[in-house]
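Trainee: Shown below is the structure under consideration.
Any read-out appearing in this document is the output of simple, stated calculations on the displayed coordinates, not a laboratory observation. Bear in mind the structure is a predicted one, so any value in this text is a computation, not a measurement. Here the Cβ is made from the backbone with ideal geometry for all residues, glycine too, and neighbour counts use every protein chain on show.
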Amino acid sequence: MELEDLAAVFALGERIFTADRWPNLYRTWDEFELIQIFGTDTETCLVAECNDQVVGFALGTLIEKRRSAWTYGYLLWLGVEPDLSRSGVGKRLVNRLTELFIARGARIMLADTESDNLPAVNFFRRQGFTNETEHVYLAKNLTQHPEYVRRRRSLAHPPSSDPSPSDAAPAHLPPGGISPGDDASPGQPHEHDD
């Protein structure tokens with residue numbers, strides 16, 4: 001992967017790792033993570049190209065634990081152009097990354113995905129990954145939290161530098177303009193609030 005590939009890799013990731021498809025991604029696909037991974041682990045950042053277009057990528061890193069003889073290769077992100085799914089692009093990327101990890105001393109290669117992402121789980125199984133461990137990632141929607149509501153209200157109505165008496169908040173309201181009788185508590189628990 002070259003510096004010039006970053007924009008194409010980011011754009012492909014944006015199309016693949018969307019919040020509507022994967023709302024509980026515990027890592028966020030964003031340009032900062034991509035740049036950080038590329039900056040620290042350039043050798044284990046790979047792209048697949050077809051007709052000079054990026055059609056897939058694998059971003060990996062090595063993990064060395066203190067007081068351990070084991071070095072781990074960790075496949076952080078794997079993405080393939082959806083139209084090329086099951087074409088062998090992902091397999092070739094994983095195979096090449098495996099070779100790079102071995103050359104750099106890794107004894108175990110790790111990958112993770114959501115347990116209900118069956119195409120990915122089955123793909124990794126076909127690539128020889130085993131010892132599946134369920135891990136629970138929890139999400140908390142903060143949009144109904146009183147502090148979130150207060151901040152949104154203050155951003156929507158920033159205080160003026162010299163409020164007129166009619167613009168000033170009544171003395172009995174706490175900061176943020178929520179009166180003690182307002183229902184600022186969250187409703188029934190829910191995962192998404194669109």
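Trainee: For residue 152 and residue 84, compute 0.36 nm times the residue count separating them, minus their Cα-Cα distance, and round to one decimal in nm.
Mentor: Values: separation 68, 0.36 × 68 = 24.48 nm, distance 4.16 nm.
Here the answer is 20.3 nm.
Trainee: Subtract the Cα-Cα distance of residue 99 and residue 14 from 0.36 nm times their separation in residues, and report this length gain in nm to one decimal. Please report the intermediate quantities before stating the final value.
Mentor: Values: separation 85, 0.36 × 85 = 30.60 nm, distance 2.73 nm.
Residue separation times 0.36 nm, minus the Cα-Cα distance, leaves 27.9 nm.
Trainee: Under 5 Å between amide H atoms, partner at least 5 residues away or on a different chain: which partners does residue 81 have, H built in plane at 1.01 Å?
Mentor: 56
Trainee: Can you give me the distance in nm between label points at residue 145 and residue 53, each placed 7 Å from the Cα along the Cα-to-Cβ direction?
Mentor: 4.1
Trainee: Could I ask something else about it? Could you pull out the trypsin sites (Lys or Arg not before Pro) across region 59-152 that fall in loop regions by DSSP (anything but H, G, I, E, B) with no more than 15 other Cβ atoms inside 10 Å?
Mentor: Numbers: sites: 65, 66, 67, 86, 91, 92, 96, 104, 107, 125, 126, 140, 150, 151, 152; in loops: 65, 66, 67, 86, 104, 107, 140.
Of the trypsin sites (Lys or Arg not before Pro), the ones in loops of region 59-152 whose Cβ has at most 15 other Cβ atoms within 10 Å are 65, 66, 67, 86, 104, 107, 140.
Trainee: Using modelled backbone amide H atoms (1.01 Å from N, in-plane), which distant-in-sequence or interchain residues come within less than 5 Å of residue 71's amide H?
Mentor: Excluding prolines and chain starts, which carry no amide H, the hits are 107, 108.
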